[in-house]
């Protein structure tokens, strides 16, 4: 299960099962869309590979 968390001007998608941040962005709509459509409905079926998040404290930056 994924949820969007706000921190200052940044929105972060958090994986409640693995207790890790998946991605971050300054656009709330992008974070909501990523959490609902990309991660939950398709994507990795809830099993995001560790190598994608290695060394990233708040997950993948979506604004780059």
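Taken together, the values in this text are just the output of simple stated rules run on the coordinates, not laboratory data. Because the structure is predicted, anything quoted here is derived from the model rather than measured. Please note: Cβ atoms are built from the backbone with ideal geometry, for glycine as well, and neighbour counts cover all protein chains shown.
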Would you mind ranking 10, 17, 25 by Cβ crowding within 10 Å, fewest neighbours first? 17, 10, 25
In what sequence do 22, 48 fall when counting other Cβ within 10 Å, fewest first? 48, 22
In deg cm²/dmol, rounded to 500, what helix-only [θ] at 222 nm does the chain give when every DSSP H run of at least 4 residues adds -39500 (n - 2.57) and the total is split over its residues? -3000 deg cm²/dmol
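Relative contact order for the stretch 2-61: what is it in percent, counting Cα pairs under 8 Å that are at least 6 residues apart? Walk me through the numbers on the way to the answer.
Working: 84 pairs, mean separation 19.3, N = 60.
Here the relative contact order equals 32 percent.
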Arranged by the count of other C-beta atoms within 10 angstrom, fewest first, what order do 14, 34 take? 14, 34
Matching label for the computed Cα Rg over 2.2 N^0.38 Å, out of [x] 0.99; [y] 1.31; [z] 1.05, is [x]
